[in-house]
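See structure below.
The values are calculated or read from the model by the stated rules, or taken from the named source; none is laboratory data. On a predicted model such as this, the values are computed, not experimentally measured, just so you know. So basically every Cβ, Gly included, is an ideal-geometry build from the backbone, and we count neighbours across all protein chains shown.
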């Protein structure tokens, strides 16, 4: 960080997720007071009840909050994309963000940071895209348009929509799922391997969110490292970091059979650049996939 943010009171949804859990810990270590929004009856003083399906947030405990960070939403890779789960992916974001945006309009914090994803851009092939590029037209692009549209209902509060890429951490997410196979020497490229993966380490993800708490940026911000990697480069670097071969490529048809609709996110290409963050002076600690994976494996 360029400077340390003075102690603030920050409310977070999705506080128990891959990003939310370490973000809460980091913010508290920096002296901030964190209130976690939960969907059940609160059991501790730092918890606040909300009901994304019902569109309600318990506002009174949040009066005077300085910032609200909204990360909640059903995991896009958690289940096969049957009709019911696609509806859950969309509704968890649309209904949840609508509820939180209404609370932001009432509470008027200094900043509202709302989750989004690089799924906004759809398939980009070899074309690099930044925050000014239009949305794609596939399922996740549609979800992201609805998701960001709900956040845009906020008025009079600096609003940042974080378009997050592939978040890398050995404890979960895509990397957590890939590690067991690669450790056994059974890993390899996925599909052709030529598709671009736009990634960010969990460490830099948290640093970037904290940067956005104190910057003047608003609107969409890509949270991806400045050097996307092809899947071939990614899987080769992971194998080298583990001192294992990468001899078992997974053909595209097999991934489609195994993963259904979500296979489009594995086999598709998104070459996304963090233009807004870089122009705002943010410095990534892990800009290249080889260094990032070596550090994460160590």
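Quick look at the values:
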| item | result |
| --- | --- |
| Flag if residue 113 is in contact with a helix residue (DSSP H, G or I) (Cβ under 7 Å, 6 or more places away or on another chain), in a strand (DSSP E or B) and under 17 Å from residue 149 (Cα atoms) | yes |
| Qualifying residue in region 175-196 (condition: surrounded by fewer than 21 Cβ atoms within 10 Å (Cβ to Cβ), in a strand (DSSP E or B) and modelled with pLDDT under 95) | no |
| Residue under evaluation residue 296, criteria (1) crowded, with 20+ Cβ neighbours inside 10 Å; (2) in contact with a strand residue (DSSP E or B) (Cβ under 7 Å, 6 or more places away or on another chain); (3) not in a strand (DSSP E or B), criterion not met | (1) |
| Residue among 238, 213, 217 that alone is assigned to a helix (DSSP H, G or I), touching a residue at least 24 places away in the same chain (Cβ under 8 Å) and within 20 Å of the chain's Cα centre (by Cα) | 213 |
| All positions within region 112-146 that are under 19 Å from residue 61 (Cβ atoms) and in contact (Cβ under 8 Å) with a residue 60 or more places away in the chain | none |
| Meets criteria (out of contact with any strand residue (DSSP E or B) (no Cβ under 9 Å at 6 or more places or on another chain) and on the phi > 0 side of the Ramachandran plot) for residue 122 | yes |
| Check on residue 176, under 30 Å from residue 32 (Cα atoms) and free of Cβ contacts under 8 Å to residues at least 40 places away in the same chain | yes |
| Any hit, region 53-66, residues being without any contact (Cβ under 8 Å) to a residue 60 or more places away in the chain, closer than 20 Å to residue 17 by Cα, crowded, with 19+ Cβ neighbours inside 10 Å and in contact with a strand residue (DSSP E or B) (Cβ under 8 Å, 6 or more places away or on another chain) | yes |
| Unmet criterion (only one of (1) more than 30 Å from residue 140 (Cα to Cα); (2) surrounded by 14 or more Cβ atoms within 10 Å (Cβ to Cβ); (3) in contact with a strand residue (DSSP E or B) (Cβ under 7 Å, 6 or more places away or on another chain)) for residue 38 | (1) |
| Pick from region 125-147, criterion in a helix (DSSP H, G or I) and in contact with a strand residue (DSSP E or B) (Cβ under 6 Å, 6 or more places away or on another chain), ranking: surrounded by the most Cβ atoms within 10 Å (Cβ to Cβ) | 147 |
| Residue match in region 66-83 (condition: more than 20 Å from the chain's Cα centre (by Cα) and at pLDDT below 95) | yes |
| Hey, residue 230 within 17 Å of residue 118 (Cβ to Cβ) and without any contact (Cβ under 8 Å) to a residue 40 or more places away in the chain or not | yes |
| Residue identified as under 30 Å from residue 83 (Cβ atoms), touching a residue at least 40 places away in the same chain (Cβ under 8 Å), surrounded by 17 or more Cβ atoms within 10 Å (Cβ to Cβ) and touching a strand residue (DSSP E or B) at 6+ places or on another chain (Cβ under 6 Å) among 250, 208, 225 | 250 |
